[in-house]
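The values are calculated or read from the model by the stated rules, or taken from the named source; none is laboratory data. Here the structure is a predicted model, which is why all the values come from computation and not from measurement. Ideal geometry is used to build each Cβ from the backbone, glycine not excepted, and the neighbour counts take in all protein chains shown. Ligands, DNA and RNA are excluded from the accessible area calculation, which covers all protein heavy atoms including side chains. Shrake-Rupley method; radii C 1.70, N 1.55, O 1.52, S 1.80 Å.
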Amino acid sequence: MSILPPTVEASLDSIHTKTYYSKVPDEIANGSDIKVILGVDEAGRGPVMGPMVYGISYCTQRYQDEVLIPNYEFDDSKKLTDVVRRKLFAKMYEPITEGSDQVEIDGVGYATTAITPVDISSGMLRFPPSKNYNLNEQAHDVTMALIEGVVQRGVVLDHVYVDTVGPPNSYQKKLEERFPSIKFTVAKKADSLYCVVSVASVVAKVSRDILIEKLKRSSDEKTGSGYPSDPNTVAWLRDNQRPLFGWPNSMVRFSWQTCKTLLVEDKYKVGSIPIEWEEDYIVSKKNMSQQWTPATANDIITLDNWYN
């Protein structure tokens, strides 16, 4: 049996960010005075293509120590093969038998938020630049929203472990202030140190990989890994660049420098159409009379000269 993960189904064909929460495990929903731990990790922070997916997983301390660690090979998702990652995640959502809702790894709850290229770029390219919503802020807000969503479902969290690529101390303080009743450990390489984070890493990575596959417009389309350093990805960007709109906004993060360079320099001669934005004139040192001077035949048409 092979079915799409529910985390993927929730985000398919959407240009905007979507979140999915699994059912709360019975042991947690029905238990009392149990220590629930939660792990957070992401997949797809660096690529120029596709969503950035934040994943969380949570379970009791006992379930992690007595079931997950002895019986399953969860680790930093980058250290596992694609086949192993998908098999592990499938055990969390695929029924053991047809017609049943019983899964093999039934003591783990999980959730994802897939931040789409549209939302990543629109946040990072807000105007004026002082209002930019950078990637770290987006990541922090999504993480806190996912934790809050678990708490709102009646789960009493004891300890949360977060994998981070930024300064861990300031991030941990931010989380502790937001959730004062929960203990936090924010660490680099947490997905290799804490099993519950490893599970979140697998959930996020598999979900993103399948979402990337679903973005392809044909089965043989070669997009590469999505990273700007990947020659196959750069080749795809070059071959699919269009003069006015660049690339499909469902696939590409326009806020990445790779895209800006290709659009501005037009090094591959696709005939990119230069655009001068009204805001650039408003914030420039031009006085009003200069801004509204009638256009000449060689001037680029902008909103301020269109009707002159």
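Summary of values
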quantity	calculated
Residue check, residue 112 open to solvent by less than 10 Å² (accessible area, probe 1.4 Å), touching a Leu at 6+ places or on another chain (Cβ under 9 Å) and not in a helix (DSSP H, G or I)	yes
Qualifying positions in the stretch 42-73 - surrounded by fewer than 23 Cβ atoms within 10 Å (Cβ to Cβ) and part of a strand (DSSP E or B)	60
Some residue of the stretch 201-209 being crowded, with 18+ Cβ neighbours inside 10 Å, outside the structural domain of residue 79 (by the TED database) and of a type in the set (S, T, N, Q)	no
Selection from the stretch 1-41 of residues that are buried (at least 16 other Cβ atoms within 10 Å of the Cβ), in a loop (DSSP other than H, G, I, E, B) and out of contact with any strand residue (DSSP E or B) (no Cβ under 6 Å at 6 or more places or on another chain)	5
Residue satisfying condition, being under 26 Å from residue 47 (Cβ atoms) and in contact with a strand residue (DSSP E or B) (Cβ under 7 Å, 6 or more places away or on another chain), within set 172, 138	138
Residue that is modelled with the highest pLDDT, among those in the stretch 211-232 that are open to solvent by less than 50 Å² (accessible area, probe 1.4 Å) and under 19 Å from residue 120 (Cα atoms)	211
Whichever residue in the stretch 74-103 is among the charged types (D, E, K, R) and surrounded by fewer than 14 Cβ atoms within 10 Å (Cβ to Cβ) and, among such residues, is nearest to residue 42 (Cα to Cα)	78
